[in-house]
Amino acid sequence: MEGKMFSEQTKTVLLSRHGAGIVSQYALSAEQELILRRLDTNKEAEVHVVGNLGAHGKTYTYGVAFLNPETDLWDIKFPAMTESEKETSRVLLQCSSCKARETVEQSDLESDVYLVNEGIVRTCKRCGSSTYWRKAIDDASGEPVPVEIAPPEVEEISEPVAVLPAAPPETEPPVQPAAPIVNKRKHVRTKVNFKACIRSYTFGEDIVTCEDMSRGGIRFKSRKEYVVKSEVEVAVPYSPGPQSIFVRGQIIHVTELKQERRFRCGIRYAKS
């Protein structure tokens, strides 16, 4: 949860050509990357968390998928999918942020996570980030709304800068000793690297990457330009499903990162 390294001996609850279902005592966020190692063969594979499959007490079950689809960690020859299984795995999903739609063919792990949580975290090409996807809702005509193509972003053109002549030298005032730096923060920040979900009236549910957090709030990056003093709800760390707890907060600062075409935002939790 705090972006720290950990290691645990655990077990699988299902095996798949795409990954596995694993049990963990840690609360993990969707798309978090892990390394799985078989104790009997010492074979390793890099995986990412697809989503939560359930919880029992203080243990959680997650679906994890291989980062490399060609990975063969289990030494098992899985049967090929039938045409009916492929047809069943196809689903029309809609991004909760920009409302873009895609027909995707989900793996068995993705299907399980999607069915359990009624949604799944995946990359949105239009948003340029990970967002929460649900089953698409047809319009009144019963036809899917076509996906609009976002216009290409215009490159920033630097304007010529006029160089003014240097001002005549003046008598410099005596240098005063620098005032001591005082940390005015009430809570200590911790560097993190996991997903959070920001819920607002303007943007809906926005899946973002946290940079740091404290007892008083979080700082994150997003492609959405939030408005200072706007009210939001935040779940951190975030994984789709009923186990995510949202708390109220307020946007307290927004800084544009022009080179990254993103915004760095700060949230202060509301006092309970």
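The values are calculated or read from the model by the stated rules, or taken from the named source; none is laboratory data. None of these values were measured; they are calculated from a predicted model. Note that we place each Cβ from the backbone using ideal geometry, even for glycine, and neighbour counts take in every protein chain shown. SASA here: full protein model, heavy atoms, side chains in, ligands and nucleic acids out. Shrake-Rupley method; radii C 1.70, N 1.55, O 1.52, S 1.80 Å.
Some observations on this one:
- Which listed residue is of a type in the set (A, V, I, L, M) and touching a residue at least 60 places away in the same chain (Cβ under 8 Å), from Ala55, Ala45: Ala55
- Condition met for Ile76 (open to solvent by less than 80 Å² (accessible area, probe 1.4 Å) and in contact with a helix residue (DSSP H, G or I) (Cβ under 6 Å, 6 or more places away or on another chain)): no
- Scan of the stretch 19-38 for residues that are open to solvent by less than 60 Å² (accessible area, probe 1.4 Å), touching a strand residue (DSSP E or B) at 6+ places or on another chain (Cβ under 6 Å) and either part of a strand (DSSP E or B) or of a type outside the set (Gly, Ala, Ser) (or both), ordered by number: Gly19, Ala20, Gly21, Ile22, Val23, Ser24, Leu28, Glu31, Gln32, Leu34, Leu36
- In the stretch 70-142, counting only strands (runs of 3 or more DSSP E) that sit wholly within it, the ones holding 2 or more residues that are within 19 Å of Ser29 (Cα to Cα) span 120-124, 129-135.
- Of residues in the stretch 235-270 being under 17 Å from the mean Cα position of the chain (by Cα) and modelled with pLDDT of 90 or more, the one surrounded by the most Cβ atoms within 10 Å (Cβ to Cβ): Ile267
- Checking each residue in the stretch 39-67 for being surrounded by fewer than 10 Cβ atoms within 10 Å (Cβ to Cβ) and not in a strand (DSSP E or B) picks out Leu39, Asp40, Asn42, Gly57, Lys58.
Results for (1) closer than 16 Å to Ser244 by Cβ; (2) open to solvent by 10 Å² or more (accessible area, probe 1.4 Å); (3) over 10 Å from the mean Cα position of the chain (by Cα); (4) among the aromatic types (Phe, Trp, Tyr), shown as yes or no for each residue.
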residue: Lys191; (1), (2), (3), (4): no, yes, yes, no
residue: Arg199; (1), (2), (3), (4): yes, yes, yes, no
residue: Val208; (1), (2), (3), (4): yes, no, no, no
residue: Gly216; (1), (2), (3), (4): no, yes, yes, no
residue: Val228; (1), (2), (3), (4): no, yes, yes, no
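- Val154 meets all of the listed conditions (1) at pLDDT 50 or above; (2) under 28 Å from the mean Cα position of the chain (by Cα); (3) not charged (D, E, K, R) but one, namely (1).
- Every residue from the stretch 2-12 that is at pLDDT below 90 and under 27 Å from Asp75 (Cα atoms): Phe6
- Per the conditions (1) at pLDDT 85 or above; (2) in contact with a Gly (Cβ under 8 Å, 6 or more places away or on another chain), the sole criterion not satisfied by Leu92 is (2).
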